[in-house]
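The values are calculated or read from the model by the stated rules, or taken from the named source; none is laboratory data. All values reported here derive from a predicted model rather than from experimental measurement. When we count neighbours, we look across all protein chains shown, and the Cβ atoms used for this are built from the backbone with ideal geometry, even at glycine.
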Number of protein chains: 2
Amino acid sequence: MKTITIAVDAMGGDYGPSVIVPAALHVLAKHDSLHLILVGDETALQKELQTGRAYDKGRMTIHHASQCVGMDESPAIALRTKKDSSMRVAINLVKEGKAQACVSAGNTGALMATARFVLKTVPGIDRPAIISTFPTRAGKKNMRMLDLGANVDCTVDHLFQFAVMGSVLAQAVDNIENPTVCLLNIGEEDIKGNEQVKQAALLLASSNAINYTGYIEGDKLYSGRADVIVCDGFVGNVALKTSEGVASFIKYLIKEAFLSSLFAKFVALLALPVLKSLTKRIDPDRYNGASLIGLRGIVVKSHGGAKRYAFAHAIEEAIVQVEKDISHLIHAKVEQLLKLQVITEQKKQTDEE
Amino acid sequence: MKTITIAVDAMGGDYGPSVIVPAALHVLAKHDSLHLILVGDETALQKELQTGRAYDKGRMTIHHASQCVGMDESPAIALRTKKDSSMRVAINLVKEGKAQACVSAGNTGALMATARFVLKTVPGIDRPAIISTFPTRAGKKNMRMLDLGANVDCTVDHLFQFAVMGSVLAQAVDNIENPTVCLLNIGEEDIKGNEQVKQAALLLASSNAINYTGYIEGDKLYSGRADVIVCDGFVGNVALKTSEGVASFIKYLIKEAFLSSLFAKFVALLALPVLKSLTKRIDPDRYNGASLIGLRGIVVKSHGGAKRYAFAHAIEEAIVQVEKDISHLIHAKVEQLLKLQVITEQKKQTDEE
């Protein structure tokens, strides 16, 4: 089995090494061919490793980095002044070929800016996007949505490129043969939506490379109708965070209802195990690990508030993406599309002559 | 007490007269000074009235209209070819001063296009918007959000006007003295967001007429932090429908969990009354009745799938808006703002000279 090496920004997130080191040890124990490079303050990491479970020292190394990027730091300042941050060094390791992917729970804006600056985008992709996985009503079927906030003003070409990248990821990582792709819109009729979405729909419908199946509305996001949902980063971020807000509002109301009387409290005791199975199904920890897709290298972003289990899940996502060689698959797909475009244009010219 | 006359499009929505007539009778019985004009096919309405409860014939009249606007009909075609539709005639009655408001459960696009064409906007308001009320975590405190889908590409001025209109409505209808207004964005820091939102934030922050309190993210929509949330119609529609989608997804999962075993089914029997109190709190029927705000007349839009209780709620919303004289309040507020602007600009000029 081929060795996989992943650089882990061990200082990022709300909890830093105290969560990230145990998560790393947990994943290391599960994968024999995995090497992890913990990037961060050596003393802090050594200390955390000593209190943790035993591990194969040949497969886990520490790479010292003297700085940290703050969770609220401006991406531009982090990029300029934090050249030895755990985040930047972890990304550098990918750039230098010493790691095949990096995972960070740090500041999303800084991670995006740094990854884009250091790694650059795949040829044919203008901008990287943030993509994540979501549960759906349709049993075990998941959905991937992008962009979730990296790009607030998207052109038609950007939306098309997001569709290509989402499609490649769903096919390779989720093993879906011909993933259905929908554009998020405010109606399902052709006349609905803004100009970018309408033009992107025409472009997607004319391409054989994408299994584009039309518009989808917000109320169908989790229906399982689409394998990949494409939207601009502003809209995607609002949809994502609104979903979190509604889920937490309902959770709050359920709690309130079950505390409203003595009888309700008694029922709650019985209902708890039943409702546990529900929360497991949509447990955000199980879906932790968004990808910064479209870069020449794999970068997985964990939720800042991730605990051990959730952060481990983000590392697992990186492992699968390395195994499937996602960056190269996207590159190949874009190249194929560009070639097709050239051929079509040449054919048009010949026909016109 | 002053008489209030409301025109009801009795043919709109998924159920037409069979739901709308009983709802109208129900509301009529509750308000002594209310007059309702049922607009639609006279024969169908007569039939429905005969089977319904007894009512004061002096306060409920039928206004015949020979056409109906289909739920999927294009707004442009409805506007051009359905000049005697129940929707158009109900709006005409407002225009002619024969009714002070109209309520319809019909096609939203057609209602917006027709209302805008017939009634025109309040001076100083470029575009009407769709606004609705939502529950929040904060007990009985509600939140109003706009635009929910009437305008897909909004300028900075549009967003500012939405803030003014939302603020007036929250103050007059919800009796909030100095309603807090937030802009929906993808982060709370100043640097986040697209150009329109950033510019609108500057404009709102500089105005004393609006109690602008900053950006709000999707996960805080239902937190109760804001009385009024402003966004463009694309984003607002996605947020609204995503909320519906998440709520129905969770409802589905709860049902699934409670059907998963015999024990769970038994618990479900006990939990049902407890969960009922929860669903009552966020019952969409209680929040039925979006307003097409910014027009020279009051137009309330009921959900197309509204049943009797929900449609009655939409009529009640129209009654309150008539009592508070919403269109004139908005007009007065905009006029005051425009005057202020003129004064500020004159002052600037004098200072410069």
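See the values below:
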{"item": "Per-region count, the range A:236-275, residues among the aliphatic types (A, V, I, L, M), closer than 21 Å to residue B:261 by Cβ and either more than 7 Å from chain B (Cβ to nearest Cβ) or under 19 Å from the mean Cα position of the chain (by Cα) (or both)", "result": "3"}
{"item": "Qualifying positions in the range B:297-324 - modelled with pLDDT of 90 or more, surrounded by fewer than 19 Cβ atoms within 10 Å (Cβ to Cβ) and not in a helix (DSSP H, G or I)", "result": "B:307"}
{"item": "Selection count where residues are in a loop (DSSP other than H, G, I, E, B), within 14 Å of the chain's Cα centre (by Cα) and hydrophobic (A, V, I, L, M, F, W, C), scope the range A:95-120", "result": "1"}
{"item": "Residues being at pLDDT 90 or above and either charged (D, E, K, R) or not assigned by TED's automatic domain parsing to the domain that holds residue B:109 (or both) - total across the range B:53-72", "result": "1"}
{"item": "Elements of type strands (runs of 3 or more DSSP E) contained in the range B:121-190, each with 3 or more residues being over 17 Å from the mean Cα position of the chain (by Cα)", "result": "B:180-184"}
{"item": "Pairs where the first residue, in the range A:276-295, is at the interface with another protein chain (Cβ under 10 Å from one of its Cβ atoms) and the second is at pLDDT 80 or above and part of a helix (DSSP H, G or I), C-beta under 7 Å, 6+ apart", "result": "A:277/B:257; A:278/B:253; A:278/B:254; A:278/B:257; A:281/B:253; A:282/B:253"}
{"item": "Flag for residue A:230 being at pLDDT 95 or above and either closer than 30 Å to residue B:195 by Cα or in contact with a Gly (Cβ under 8 Å, 6 or more places away or on another chain) (or both)", "result": "yes"}
{"item": "Matching residues in the range B:254-296 - criterion: being in contact with a helix residue (DSSP H, G or I) (Cβ under 6 Å, 6 or more places away or on another chain), outside any loop (DSSP other than H, G, I, E, B) and either of a type in the set (Ser, Thr, Tyr) or at positive phi (or both)", "result": "B:277"}
{"item": "Filter pass, residue B:235 being closer than 29 Å to residue B:103 by Cα, without any contact (Cβ under 8 Å) to a residue 60 or more places away in the chain and touching a helix residue (DSSP H, G or I) at 6+ places or on another chain (Cβ under 8 Å)", "result": "yes"}
{"item": "Subset of the range A:48-75 (residues that are assigned to a helix (DSSP H, G or I) and farther than 18 Å from residue A:120 by Cβ)", "result": "A:48, A:49, A:50, A:51"}
{"item": "Test for residue B:210: is it touching a residue at least 24 places away in the same chain (Cβ under 8 Å), buried (at least 20 other Cβ atoms within 10 Å of the Cβ) and more than 12 Å from chain A (Cβ to nearest Cβ)", "result": "yes"}
{"item": "Of all residues in the range A:69-83 being more than 14 Å from chain B (Cβ to nearest Cβ) and out of contact with any strand residue (DSSP E or B) (no Cβ under 7 Å at 6 or more places or on another chain), the one that is surrounded by the fewest Cβ atoms within 10 Å (Cβ to Cβ)", "result": "A:80"}
{"item": "Residue count for the range B:27-41, restricted to those that are outside any loop (DSSP other than H, G, I, E, B) and loosely packed, with under 14 Cβ neighbours inside 10 Å", "result": "1"}
